[in-house]
Amino acid sequence: MSARALTGSRRWLALAGCLVWFAFTLFPLYWAAVTSFKSPIGVVGGATYIPFVDFEPTMTAWYELFSGQRGGFYDTFTASMIVGLSASVAATAIGSMAAYALVRFTFRFRLLSALIFVVVAFGGFLLGRNVMGLGQGIALIYAFIAALALAVISSRFRLPGPELGNKDIVFWFVSQRMFPPIVAAFALYLMYTEVGKLGFKLVDSYIGLTFAYIAFSLPIVIWLMRDFFEALPVEVEEAAMVDNVPTWRIFFGIVLPMSKPGLIATFMITLAFVWNEFLFALFLTNSKWQTLPILVAGQNSQRGDEWWSISAAALVAIIPMMVMAGVLSRLMRSGLLLGAIK
Amino acid sequence: MSQVRLEQITKSFGTVTVIPPLDLEIADREFVVLVGPSGCGKTTTLRMIAGLETASSGTVRIGDRDVTELRPGLRNCSMVFQNYALYPHMTVAENIGYGMKVRGTPKAEIDRAVTEAARVLNLGSYLARKPSALSGGQRQRVAIGRAIVRQPDVFLFDEPLSNLDAKLRVEMRTEIKLLHRRLQTTAVYVTHDQVEAMTMADRVVVMNQGRIEQAADPITLYEAPTNLFVAAFIGAPSMNFLEGRIERGESGLVFRGEGEVAVAIPAARSGPLAAVVDQPVVLGIRPEHTMTTDPDAPTVTLQVRDIEPLGPHTLALGKVGSASFTAQVPAHAPVAPENSISVPIDTSKMHFFLKSTGFAIR
């Protein structure tokens, strides 16, 4: 039954329910907004709700935030922007290509090849580290290259054992989001420091943080985009194939424009994830590439619970995402596929 | 020269064989229609010619080239799909010209080709529109336009009209035929609609379970089906079948079937039938051949269940013995459901099939 069909008191009940939920979701935002205009005394002295009536608003928190007294606000904001945008763009781009390949092409490989990869990667690392006495970073790189090469070469031969396909690859991608992020964050930190010892600075660097975010966003991007691509009519691509359009042009010229709403939605979700991500940023940055969530949380630890400045910083962190969502949702017109097929 | 030759071609998906070894030769400039019930392998065969499916074994030749291993784009075919498969984000003009643009054709030449295609297909005033702003028939014309600017060796049509309404389908049928007559390009056309097949084809290939049952011109298919499947598939309403035996009577051969059916076989038709005396056979007679005015024609008794007045004549549907039977009767004939009528049989139009193999007895 549609809500429009409701009549009389039922209609009012539905409206009241909606309003309660509206207030419930909006109140935290309102609370943060008013708190950011309170003085320290106004915050601790009991709950006050309405500016000029309950309490006298002050700009102190905002002034402190923008003047840089509360940590390098502008640098942090810029770092968040750069890392967030570039990681989301890269993850969406790479992930869509992977998802398209997984939807339209059949991959087959033996479980044995995958096992060879795992065994050589781990074994090679231990061997390099403990027997040959290599540094951790070098051992890691050598072992990885050897494992990849052997796995690729072994897949050329007809190996015994069960065969894996596209579904297994997708599961492997998605499985990376099944363990707690702290596991990955900690491991990444260790790896980055080791690679840092080789001379490539990854901790607190643009490359390091962006790579971590790309890697951690890819599973979601692939999963989402796979669904969008699967919904596309394959005949449109087949028509282009018969017309001798190269695969890359089919992808960029036909598939991507057709899945624009999906791309935008996926980009938005990735951006939201990267923008709000706390754990990786905490582990992998310390000053230059700190992101906004760290700044917001930092307001808590420096001089006790300074809710007024936390609120101000949190509001600033929300605004760019709201603007993004507003702009992008306009581009997410549905009905792009209309007319392609019956 | 762009004849198409399929030599011992097969297709299996995993362990399921969809097409057992199949041979088909399509002459240059010929319009061949592959027809059959759904799942008979006709679309798979077409897609193997296009290269969208690779043959499990066998050879596909277009002209003098062996294209078996070639990817679709290099086979110089054009394909029109059942669901149009237009590029939804491009205008009609861009849709038609996209392939040329990708191949690096100069813009002036693309414009000329697009304009010409639009003129032929009556799409001139829609060139700037997106496919979503077109009707089904217009969309399919855009798809055909996209196919003709390619100047292909072979046109491939995969049930292009089955998404259109009945009236438009008849119009487009003629349009495609005229187009073929003008362009003189070899065409392979897949449909499940036997009327479409009969009306459009130079040669109809009737397929069933991946095999070719008969490949012949429409009239031969209608008049001389080689087996029960083709006989039942071609013609609407479809042929009636009565099971029985050929027996030797006093004045020649007689077909005797269930429900006291006894049809004397004229001497002219007796030759081949003499060889199958006392074997189970099937007599086939089309509904349109049950209206003979010959007073000597043998008759069968039809238990009428329903009548379908069509205007020029009426169909009486019912049973002869236990077999379903449709007879064509004059429009004002006094026939009503639950009646029994005596239906004359035009003995010159009878078909006989061996029950064991299904093959026609000739």
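Only the coordinates and a few stated rules stand behind these numbers; no lab work does. All figures in this text were calculated on a predicted structure; none of them were measured in a lab. Please note: Cβ atoms are built from the backbone with ideal geometry, for glycine as well, and neighbour counts cover all protein chains shown.
Table for the structure above
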| read-out | value |
| --- | --- |
| Hits among lysines - C-alpha to C-alpha of B:LYS319 under 23 Å, sequence gap 8 or more where chains match | B:LYS349, B:LYS355 |
| Highest-MSF residue in chain A out of A:ASN276, A:ASN166, A:ASN244 [GNM, Cα springs under 10 Å] | A:ASN244 |
| Residue with peak Gaussian network fluctuation, chain A [Cα springs, cutoff 10 Å], from A:PHE179, A:PHE144, A:PHE283 | A:PHE179 |
| Prolate/oblate/rounded label for chain A (Cα gyration tensor, a/c 1.5) | oblate |
| Sorted by Cβ neighbour density within 10 Å, fewest at the top, the residues B:ILE345, B:ILE219, A:ILE207 | B:ILE219, A:ILE207, B:ILE345 |
| Inter-part distance where the stretch A:79-105 and the stretch A:180-254 are each reduced to a Cα centre, Å | 5 Å |
| Packing-based order for B:36-47, B:125-136, A:9-20, using average beta carbon neighbours within 10 Å, highest first | B:36-47, B:125-136, A:9-20 |
| Cleavage-rule hits (trypsin sites (Lys or Arg not before Pro)) in the stretch A:65-163: DSSP loop, at most 16 neighbouring Cβ within 10 angstrom | A:ARG108, A:ARG156, A:ARG158 |
| Value of [θ]222 nm, deg cm²/dmol, for chain A, DSSP H segments ≥ 4, -39500 (n - 2.57) each, nearest 500 | -22000 deg cm²/dmol |
| Reach of A:LYS197 by Cα under 24 Å, taken over lysines that are not fewer than 8 positions away in the same chain | A:LYS288 |
| B:MET239, A:MET322 arranged by Cβ crowding within 10 Å, fewest neighbours leading | A:MET322, B:MET239 |
| Nearest-ten-degree value, helix A:206-230 long axis tilted from longest Cα axis of chain A | 80 degrees |
| Average other protein chain Cβ within 10 Å of Cβ, residues B:77-85 | 6 |
| Cβ neighbours within 10 Å from other chains - mean over B:137-147 | 1 |
| Backbone HN-Hα couplings from phi across the stretch A:142-147 [Karplus 6.51/-1.76/1.60, Hz, Gly and Pro as x] | 4, 4, 5, 5, 4, 5 |
| Stokes-Einstein D for the stretch A:108-164, Kirkwood Rh over Cα pairs, 37 °C, 0.692 mPa s (µm²/s) | 284 µm²/s |
| Chymotrypsin sites (Phe, Trp or Tyr not before Pro) within the stretch A:37-132: DSSP coil, no more than 14 neighbouring Cβ in 10 Å | A:TYR49, A:PHE52, A:PHE105, A:PHE107 |
| Distribution of pairwise C-alpha distances over the protein assembly as shown, 20 Å bins, in % | 13, 30, 29, 18, 8, 2, 0 |
| Under 24 Å from B:LYS101, Cα to Cα: lysines that are on another chain or at least 8 residues apart | A:LYS260, B:LYS130 |
| Shielding of B:97-103 by partner chains, average beta-carbon count, 10 Å | 4 |
| Within chain B, helix-based [θ] at 222 nm, where runs of 4 or more DSSP H residues each add -39,500 (n - 2.57), nearest 500 | -7500 deg cm²/dmol |
| Scaled radius of gyration (Cα, divided by 2.2 N^0.38 Å) that chain B gives | 1.19 |
